[in-house]
1. Out of all DSSP beta bridges in the chain, what portion is antiparallel? Express it as a percent rounded to 5.
2. Give me the lysines in straight-line cross-link reach of Lys219: C-alpha distance below 21 Å, same-chain residues under 8 apart excluded.
3. Among Val152, Val256, Val94, whose mean-square fluctuation peaks in a Gaussian network model of the chain (Cα, cutoff 10 Å)?
4. Tell me the label-point distance for the pair Ala119, Ser58, using the 7 Å Cα-to-Cβ offset, in nm and rounded to one decimal.
5. Is the C-alpha gyration tensor of region 32-185 telling us rounded, prolate or oblate? Criteria: a/c under 1.5 is rounded; beyond that, a/b larger than b/c is prolate, otherwise oblate.
6. Remind me, what semi-axes does the chain give for its equivalent ellipsoid, largest first in whole Å, using sqrt of 5 times each Cα gyration tensor eigenvalue?
7. For a footprinting-style exposure proxy, rank Arg42, Arg146 by other Cβ within 10 Å, fewest first.
8. Quick check on the chain: helices-only [θ] at 222 nm, where DSSP H runs of length 4 and up contribute -39,500 (n - 2.57) each and the sum goes over total residues. Nearest 500, please.
Amino acid sequence: MRLFISGASGLLGGNLSYLASQAGHDVLAGFNEHPLHIAGCRGIGLDLVKGDLSPVISFKPHCIIHCAALTSVDICETNRALAWQVNVGATSRVAECARRASSRLIFISTDSVFDGKKAYHKEGERTVALNYYAKTKIEAERIVGRHKNHAVVRTNFYGFNIQQKHSFAEWLYAKLSAGDKTPAFTDFYFSPILANNLSDALLELAQNEFCGTLHVAGKGRMSKYEFAQLFAELFSFDSALLVPTKMSELGSLKAVRPSDCSLDVSKAERLLRTPLLGIRAGLELFKRLHEQGYRERLRGR
Ligand SMILES: NC(=O)c1ccc[n+]([C@@H]2O[C@H](COP(=O)([O-])OP(=O)(O)OC[C@H]3O[C@@H](n4cnc5c(N)ncnc54)[C@H](OP(=O)(O)O)[C@@H]3O)[C@@H](O)[C@H]2O)c1
């Protein structure tokens, strides 16, 4: 299958591009400010806000998986024009590109599109934007929803970053292995999935005919503090280093966050053969991949 994956220098796009090429797909991997070589992929530098998208159309992808976004919730809050350009404007251009190339379009949305007042949000629930990031993602979902062959995937993930920067789990590893006190939220709940498990589900979704919105996340629900405790337990770190913290206690957050972003994944479980791992099983796989040098392979070392 020919795949165009945007945001290939990002956490999800990097893993997805690498795993897709390992699975034998023909991958065109899109970057913007951080060009990278990903084993087996053809890379293309492309600013999706204003660049020429004709090379993507000429590639005639069977499926476009649009992972690129401005993902910092706080930067979206303070730089709204940029957030709109990247998350809405670029998504609209990618959707037009998919239309012209007759490609299936999978859009990566977020678990932050709800008010967060209850657990295990379902696909059909009313969306609510508590912050500007959510507003841009909801608008982008609406744009993608007009494409006749689309899937909107809402999720939350962790994993190994292809760039020299830390995802949440890698940050936990760095802090706890250095013996540093580590704050973790007790009042933020989510359903995190390992990017590798999510990538497998996305590659399956790229090849089926589902059209609509799907929650693809870890099976279960935890606070970030509970996730960090489980992480410490599996890696045999001292869990006393974890400092239970409320979101309001961290003065640096600019945007309001929903407090419960957990997702009901039962629809995805009925649709997909790829098992969606429970949160503990996902973290156990993260640990095995860490021990097997997966991150070094991902980074081409
Ligand atoms: N991380 C999470 O847990 C989470 C949770 C829910 C939803 N999501 C969604 O999942 C998707 C992937 O997130 P992520 O965490 O993997 O992202 P990330 O690591 O922050 O990377 C963002 C990617 O977007 C690219 N990008 C930004 N502006 C661009 C532009 N103008 N033109 C082309 N590419 C551009 C970046 O390219 P360069 O670095 O090369 O500039 C980078 O590859 C996003 O849609 C995000 O909203 C993420």
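Rule-based calculations on the coordinates, nothing more; no lab input. Only a predicted model underlies this, so the values are computations on that prediction, with no experimental measurement involved. Here the Cβ positions follow ideal geometry from the backbone for every residue, glycine too, while neighbour counts run over all protein chains shown.
1. Details: 2 of 35 bridges.
Of all bridge pairs located within the chain, approximately 5 percent are antiparallel.
2. Lys117, Lys118, Lys122, Lys267, Lys287
3. Ranking Val152, Val256, Val94 by mean-square fluctuation puts Val256 first.
4. Once both label points are built, they end up 5.3 nm from each other.
5. Values: a/c = 1.89, a/b = 1.26, b/c = 1.51.
Oblate.
6. Working: eigenvalues 168, 97, 69 Å².
Calculated on Cα positions only, the semi-axes equal 29, 22, 19 Å.
7. Values: Arg42 13, Arg146 10.
Least to most surrounded, the residues fall as Arg146, Arg42.
8. Details: 12 runs with 111 residues, N = 301.
Helix contribution divided over all residues of the chain: -10500 deg cm²/dmol.
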